[in-house]
Every structure is written in C-alpha cells, then in structure tokens.
Amino acid sequence: MILQAWGRAELKTRADDLLDVYAEAMDVSRSAARSRRSVLSGHLDRKGLRGVGATESGHLVGVAYGYLGE
C-alpha cells in the first residue's frame with residue numbers, strides 16, 4: 001500500500017474514486033455516495049484542507065481529509 005499526501009487538486013481529480021471508497025466504507029450504493037458530490041465539493045474549498053490517499057496496485061483503497069473549522 002502506498003500513502004500519498006493529497007491536496008485540493010488530487011481530491012478533486014479523484015472525486016469519483018473517493019466517493020466509491022466512501023460507498024464501500026459506509027455500505028451504501030455508489031449512486032447514493034456519488035449524490036454527495038456537492039458536499040465533497042464544498043469541503044474542497046475549505047481553509048487548511050489536507051488529505052491522504054492510500055492506493056494499492058494503482059487503485060484507491062482508502063482516503064482521509066480534513067480542514068480547519070471556524
């Protein structure tokens with residue numbers, strides 16, 4: 001497994017993959033997870049955004065991100 005620091009660009013570019021990982025982790029359908037794209041987009045504009053992606057054989061298997069609160 002490879003861990004990489006991700007910023008806005010990577011999180012935005014890999015949004016579908018990120019939401020697919022979310023679907024698996026939360027045991028919801030891919031379409032239900034992808035309906036949260038607007039929530040994710042809002043998070044990507046937050047101050048202090050940082051992320052980490054975990055890939056295995058080029059496939060995203062885990063992701064975490066956070067940002068500064070108000």
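What to note about this one:
- FRET efficiency for Arg8 and Val61, using Cβ-Cβ distance with R0 set to 22 Å, rounded to 0.05: 0.55
- Listed residue (Ser57, Ala25, Gly42) projecting farthest to the positive dipole end of the chain, Cβ model: Gly42
- Once the chain from Ala54 to Asp17 is taken as fully extended at 0.36 nm per residue, the excess over their C-alpha distance is 12.2 nm.
- The chain - mean residue ellipticity at 222 nm from DSSP helices (-39,500 (n - 2.57) per run, n ≥ 4, rounded to 500): -11500 deg cm²/dmol
- Percent carbon-and-sulfur accessible area, the chain, ignoring ligands, DNA and RNA, probe 1.4 Å: 50 percent
- Per residue, in Å², the accessible surface of the chain once ligands and nucleic acids are set aside, probe 1.4 Å: 70 Å²
- Listed candidates (1) 22; (2) 15; (3) 28 - label of the one calculated as percent of Cα pairs over 21 Å apart: (1)
- Only Lys, Arg (+1) and Asp, Glu (-1) charged, at Cβ; the chain dipole about Cα centre in debye: 300 debye
- Of the residues Ser29, Ser41, Ser57, the one that moves most in a GNM of the chain with alpha-carbon contacts below 10 Å is Ser57.
The values are calculated or read from the model by the stated rules, or taken from the named source; none is laboratory data. All values derive from a computational prediction rather than experimental measurement. We place every Cβ from the backbone using ideal geometry, glycine too, and count neighbours over all the protein chains shown. These accessible areas exclude ligands, DNA and RNA; they are computed on the full protein's heavy atoms, side chains included. Shrake-Rupley method; radii C 1.70, N 1.55, O 1.52, S 1.80 Å.
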